[in-house]
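Working notes, structure below.
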Amino acid sequence: LSPIVRKLNGVESILATANVGVRTGTLRLEVTGSSLKLFFNGNLVGRAVDTALPGPGQVGIGGTPRTTFDRFNTSRLLPTLFYDGFNRGLAVDLGPNWKTLVGAVGINGNEAFTGAGTNLAVRDAFALAKVTVEATVNITTSGVASEAHLVARYVNASTYYYVALERN
């Protein structure tokens, strides 16, 4: 299951859902004006319209244990603003361009990985209103509930949009 979620003042609201049926692939969130689109492996699988978060915000990744991320890409639809292939050695954080806000998000095996519990890291130093956020995600363990998140319009810990790839 892959939902499009609005988190506003700490309250999560599911705006749309899609059943993608797998736990590995390329997840993409496009946010333009009030339009939110969820793509999986290049296919549009969900869309929502929402006006609650009109302004710019940061982008990032998050999730629960047993999720990995690779080829993180952020663009203003065109051209690419920020790309991170996570191609560096073992690290407890993502590096100087990132800010870990909740939990632990580090690097292992040239992939970003999430630690125990809920985790969230955002790309530091810019905020966008019209943005595409994309990453190759993998939930590494079956039989255990886990999620991989892509975040857009992050304002603070209680206000942002995200899409998720979930494995129950």
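The values are calculated or read from the model by the stated rules, or taken from the named source; none is laboratory data. Since we're looking at a predicted model, the values are computed, not measured. Glycine also receives a Cβ, built like all others from the backbone with ideal geometry; neighbour counts cover every protein chain displayed. Accessible surface is based on the protein model in full, side chains and every heavy atom, while ligands, DNA and RNA are left aside. Shrake-Rupley method; radii C 1.70, N 1.55, O 1.52, S 1.80 Å.
What do you reckon, is Glu12 closer than 17 Å to Tyr154 by Cβ, of a type in the set (D, E, K, R) and without any contact (Cβ under 8 Å) to a residue 60 or more places away in the chain? Judged against the criteria, Glu12 is a match. What are the residues in the range 18-35 that are buried (at least 18 other Cβ atoms within 10 Å of the Cβ) and either touching a helix residue (DSSP H, G or I) at 6+ places or on another chain (Cβ under 8 Å) or within 18 Å of Ala52 (Cβ to Cβ) (or both), if any? Passing the criteria: Leu29, Glu30, Val31. When Leu94 is tested against (1) in a strand (DSSP E or B); (2) within 29 Å of Leu44 (Cβ to Cβ); (3) touching a residue at least 24 places away in the same chain (Cβ under 8 Å), just one condition goes unmet, and that condition is (1). Any chance you could count how many residues in the range 40-65 are over 20 Å from Trp98 (Cβ atoms) and either touching a residue at least 24 places away in the same chain (Cβ under 8 Å) or of a type in the set (A, V, I, L, M) (or both)? Looking only at that region, the number is 12.
Every residue, every condition in (1) over 16 Å from Asp124 (Cβ atoms); (2) in contact with a Phe, Trp or Tyr (Cβ under 7 Å, 6 or more places away or on another chain); (3) open to solvent by less than 60 Å² (accessible area, probe 1.4 Å), yes or no:
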| residue | (1), (2), (3) |
| --- | --- |
| Ala48 | yes, no, yes |
| Gln58 | no, yes, yes |
| Pro65 | yes, no, yes |
| Arg71 | yes, no, no |
| Gly85 | yes, no, yes |
| Gly89 | yes, no, yes |
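Assessment of the range 24-46 against the conditions (of a type in the set (D, E, K, R), out of contact with any Phe, Trp or Tyr (no Cβ under 8 Å at 6 or more places or on another chain) and part of a loop (DSSP other than H, G, I, E, B)) yields no matching residue.
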